[in-house]
Structures are given as structure tokens and as C-alpha cells.
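J.: Okay, here's the structure, questions in a sec.
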């Protein structure tokens with residue numbers, strides 16, 4: 001199996017978690033439990049896979065690479081990643097520079113939104129949500145996540161590359177699985193779709 005295909009397969013738990021959280025196919029309680037378990041254990045196998053290939057796969061496109069090396073200060077420590085060309089290394093620097101300049105917003109926005117959603121969803125599943133429906137919690141989650149990831153997907157590579165060390169607000173092994181460029185496109189497409197779904201739902205509710 002190629003590294004690219006294996007990376008895609010190891011990335012699939014990410015959309016699976018989002019599907020479980022937003023669609024609750026197993027019922028609210030079991031979907032939340034399954035999604036949380038998958039989310040908490042994903043790093044145990046995805047990060048070792050990505051790190052083992054960090055010197056031979058391009059962090060931007062996911063292809064085989066023997067180009068520039070980039071040292072990135074992640075929340076869990078400093079790591080070294082490869083780019084296949086200087087052009088892809090530059091895009092990575094710009095993406096990470098944008099993320100670093102807005103790291104507090106990204107960390108608080110994504111983690112805070114996820115935590116608030118899970119708390120609200122658990123209360124709704126336990127029958128203590130009052131007038132709040134599960135669909136309301138889902139659409140608030142979609143709206144806030146879309147507002148955070150859309151600018152990252154659209155604007156990140158347009159900004160300047162940082163002059164100092166590269167820093168990432170989150171561990172980069174997830175984007176390494178399929179390539180950062182693919183993640184930026186997912187931010188754009190899913191962000192737009194979630195924004196439209198949330199606004200349409202809230203407009204209909206109003």
C-alpha cells in the first residue's frame with residue numbers, strides 16, 4: 001500500500017467523527033460516545049505514521065519528497081518535515097505563519113466550540129436541554145467552526161511567510177496524512193457547506 005493511500009485511510013476517522021457528531025446515526029448518546037472515542041484514540045496511530053514518513057513525504061502535497069526541510073514547533077514539541085519543492089515549502093511557511101499569527105483564536109475557537117458542543121449535546125441527550133434541540137447545537141457548531149476554518153482555508157497562503165521559527169497551533173500530523181493543500185480545500189468546501197446549512201437552518205427556525 002502506498003504512503004498516500006495509507007494516509008488517506010488514516011485520515012478517514014476525522015470525517016467519521018464529524019459525521020457521528022452532526023448526524024447522530026447511532027442515536028445521540030452512542031454517536032457522541034463513539035465519536036469521542038475515535039477522536040481521542042486517533043492520535044495514537046495517526047501521529048506515529050506521519051512522523052515515520054516526515055522526512056520523505058511533502059507536508060504540503062503528500063507526495064514523495066527530498067526537498068527542503070522545515071522545523072516546526074508544535075504544541076507537543078519540535079519536529080522536522082519535508083517539502084518536495086521550494087514553492088511548496090513557501091506555501092507551508094505562509095500557511096503556518098497565518099496560523100501562528102492567529103493561534104489563540106484558532107485554539108480557543110476550535111477547542112472551545114467543540115467543548116461547548118459536546119456539553120450541550122450531552123445535556124440534550126440527558127433530557128436537560130430545555131428548548132434547545134440537538135439540531136440547534138449541531139448548527140451552532142457548524143456555524144462557529146465554519147467561521148474559523150474558512151479564513152484559514154482561503155487566506156492562509158496569501159499572507160507573508162514568518163521570518164522567525166515556524167509554529168503550529170495544533171499538531172500537524174493530521175494535515176500530513178493527506179497533505180496541507182487538501183486540508184485547505186476541505187476547510188473551504190466544508191466551511192462553505194456548513195455555513196450555508198447553519199444559516200438556512202437558523203433562518204427556517206426563526
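J.: Give me the pairs: first residue in the stretch 35-46 and on the phi < 0 side of the Ramachandran plot and exposed (fewer than 12 other Cβ atoms within 10 Å of the Cβ), second residue in a helix (DSSP H, G or I) and at pLDDT 95 or above, beta-carbon distance under 8 Å, and six or more apart or on different chains, which are they?
T.: Correct list of pairs: 45/10.
J.: Related question: Mind listing just one residue for me: the one in the stretch 11-26 that is more than 18 Å from residue 139 (Cβ to Cβ) and touching a residue at least 12 places away in the same chain (Cβ under 8 Å) and, of those, nearest to the chain's Cα centre (by Cα)?
T.: Only one residue fits best here, namely 14.
J.: Taking the condition surrounded by fewer than 18 Cβ atoms within 10 Å (Cβ to Cβ), in contact (Cβ under 8 Å) with a residue 40 or more places away in the chain, over 18 Å from the mean Cα position of the chain (by Cα) and more than 18 Å from residue 169 (Cα to Cα), does residue 63 pass?
T.: Details: surrounded by fewer than 18 Cβ atoms within 10 Å (Cβ to Cβ): yes; in contact (Cβ under 8 Å) with a residue 40 or more places away in the chain: yes; over 18 Å from the mean Cα position of the chain (by Cα): yes; more than 18 Å from residue 169 (Cα to Cα): yes.
When the stated conditions are applied, residue 63 passes them.
J.: Restricting attention to the stretch 191-206, does a residue exist that is under 16 Å from residue 88 (Cβ atoms), in contact (Cβ under 8 Å) with a residue 60 or more places away in the chain and in a helix (DSSP H, G or I)? Even if it seems obvious, please write down each step before you answer.
T.: Within the stretch 191-206, the first condition is being under 16 Å from residue 88 (Cβ atoms), and the residues that meet it are none.
No, the stretch 191-206 contains no residue that is under 16 Å from residue 88 (Cβ atoms), in contact (Cβ under 8 Å) with a residue 60 or more places away in the chain and in a helix (DSSP H, G or I).
J.: Can you give me the ranges of the helices (runs of 4 or more DSSP H) entirely in the stretch 28-129 with at least 3 residues that are under 14 Å from residue 180 (Cα atoms)? Full working, then the answer.
T.: Working: elements: 28-52, 86-101, 103-125.
Where helices (runs of 4 or more DSSP H) fall fully within the stretch 28-129 and carry at least 3 residues being under 14 Å from residue 180 (Cα atoms), they are 86-101.
The values are calculated or read from the model by the stated rules, or taken from the named source; none is laboratory data. The shown structure was predicted, so the numbers you read here are calculated from the model rather than taken from an experiment. Glycine also receives a Cβ, built like all others from the backbone with ideal geometry; neighbour counts cover every protein chain displayed.
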